[in-house]
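Shown next, in structure tokens, is the structure this report addresses.
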Amino acid sequence: MSATHQLRCTNCGARIANDAARSDFRCPDCNGLYEVIYPWSQGWSAEKTAGAEVRLPNPGGMRHLWQERKTSTMPVDQSGVWRFREMLPFMRDVERVVTLREGNTPLYEMPRCAELAGVDWLLAKHQGMNPTGSFKDTGMTAALSVAVERGFQWVACASTGNTSAAMAAYAARAGLRCIVFIPEGKIAWGKLSQSMDYGALTVQLKTDFDGCLKLLTKLVQQFPIYLLNSVNPYRLEGQKTPAMEIVEQMEWQVPEHLVVPGGNLGNSSALGKGFLEMKHLGLIQRVPKISVIQAQGANPLYRWFGDENREMKPVKAETRATAIRIGNPASWRKASRVIEETGGWCEQVNEQEIALAKAEIGAEGVGCEPASAVTLAGLKKLVAAGRVTREERVVLVLTGHTLKDPQYTIDYHKGDLLTAAEIASETEVERASHAALRKPPLVLEADEAMVLKALEERMAKANAAGTQATPGTSK
Ligand code: F0G
């Protein structure tokens, strides 16, 4: 077995050589998913390294190196994934990585959203500020580089849109061909257009995401196509690096809570792995509680936590947050372990709560796509239940850029998003919040007097309501 890394089944613990995985990345014995482990990982057995003593990477040295690389002009150093390459040493030749300078995303302070959620200090790690507008880039640079190193010509994924956009871009950079499977009619335009722009062969199937992934899993066993969904464990190696960025951006302090949206549940698993490995290596002394938020209409993990028999029952998913419209999440075991191991929770939020939270994040000048907004909506619930206290530091992981799904935003502001039944079930406070946040465009004749009158009215109204019309805000 190679001494650089192995794959370990997260279900039965079986270990295999790094190039011995089946094309669907499932364990032949138990159908479990693999994780990448290194000689310094917990559970890497000594005899596998031929008796040589395994030395853990030096935490002080790594911190210094990561800082130094920020001023380097080398592409791998400018990448916010490969800058941390001591944490993901699986490439034989790091010069061969395919990078769009992903990562290095901002950690924004969110004072108004903090107040709305009932905490003193709230940060948003905006993974939508990646090259293709979502967190998927951090995973794609990792797994697609493996595809290149292993000589694949074709790569493929099933996607609700963001994975396909990222894969198409990185495949184009590397000169690989790629096929994306997406559910017909249930994907935001921004994402679909990206796949086409980057030259992917785009296949819209008359099924949902779960149906797309099932079909693709069969196809990769018949063709030499490298599967780039998050069942591919190298994806998660890239997606764990925002954990390093967050603590670096917080001057090596660790937040008390991390709140992540949950779809196929790869991202929460990856971030958990990142924090737990940093603790194992002595880079941090404790890990944040990692909580996963699902849309109520796509909530199999939430149900699993509530099920006394602990049985995973896939659901027929339905939510306007199309990125997380997933009923049979592949990585649910990994994610449930991360939640349990870190002491976090799984929460669900409904469509009205998602719409409100998205508008609130937008009104803070940050913006995100609907699936990312579940984090703020979920945080409000965690605070209300006493699971997050006011003085604890919380980081929301915003996974996608607001421009990914402009139709959702336009529908919201025009008042066309929610159904009458959804609106009827809102509380008075929620209704007032929506009314203050909605900003439909004024359509006017190009007449100076009419425009002036309309503006006077609007400005007087806004001034009377306070500066930024976010209810419950003093600033
Ligand atoms: N947020 C956004 C914007 C996403 O695109 C996704 C997943 C998630 C959250 C959920 O992350 O699946 O790791 O739990 N999008 C995938 C895709 C499924 O195909 O783009 P997860």
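Considering GLY175, GLY161, GLY118, GLY199, the condition of being at positive phi, open to solvent by less than 10 Å² (accessible area, probe 1.4 Å) and small (Gly, Ala, Ser) is satisfied by GLY161 alone. The set of residues from segment 22-42 being open to solvent by less than 30 Å² (accessible area, probe 1.4 Å) and either in contact (Cβ under 8 Å) with a residue 60 or more places away in the chain or within 15 Å of LEU228 (Cβ to Cβ) (or both) comprises ASP24, PHE25, GLY32, LEU33, TYR34, VAL36, TRP40, SER41.
Within segment 289-305, the set of residues being open to solvent by 50 Å² or more (accessible area, probe 1.4 Å), touching a Gly at 6+ places or on another chain (Cβ under 9 Å) and of a type outside the set (Phe, Trp, Tyr) comprises just one member, LYS289. A single member of ILE326, ILE354 is farther than 24 Å from GLU430 by Cα, open to solvent by less than 30 Å² (accessible area, probe 1.4 Å) and among the aliphatic types (A, V, I, L, M), and it is ILE326. Listed by position, the helices (runs of 4 or more DSSP H) enclosed by segment 390-455 that each have at least 1 residues that are buried (at least 19 other Cβ atoms within 10 Å of the Cβ) are 406-414, 428-437. When residues in segment 65-85 are screened for being crowded, with 16+ Cβ neighbours inside 10 Å and either assigned to a helix (DSSP H, G or I) or touching a strand residue (DSSP E or B) at 6+ places or on another chain (Cβ under 8 Å) (or both), 10 of them pass. Taking the criterion of being under 20 Å from GLY43 (Cα atoms) and not β-branched (Val, Ile, Thr), the residues of segment 12-25 that qualify are CYS12, GLY13, ALA14, ARG15, ALA17, ASN18, ASP19, ALA20, ALA21. Among the residues of segment 245-288, those identified as crowded, with 21+ Cβ neighbours inside 10 Å and either in a strand (DSSP E or B) or on the phi > 0 side of the Ramachandran plot (or both) are HIS257, LEU258, VAL259, VAL260, PRO261, LEU265. Taken over segment 90-110, the criterion of being under 22 Å from the mean Cα position of the chain (by Cα), in contact (Cβ under 8 Å) with a residue 60 or more places away in the chain and open to solvent by 50 Å² or more (accessible area, probe 1.4 Å) is satisfied by ASN104, TYR108.
The values are calculated or read from the model by the stated rules, or taken from the named source; none is laboratory data. Bear in mind that the values here come from a model prediction, so they are computed numbers and not experimental data. Quick reminder, even Gly has a Cβ in these numbers, built from the backbone with ideal geometry, and neighbours come from all protein chains shown. For the accessible areas, the whole protein counts, side chains as well, though only heavy atoms, and no ligand, DNA or RNA atoms are used. Shrake-Rupley method; radii C 1.70, N 1.55, O 1.52, S 1.80 Å.
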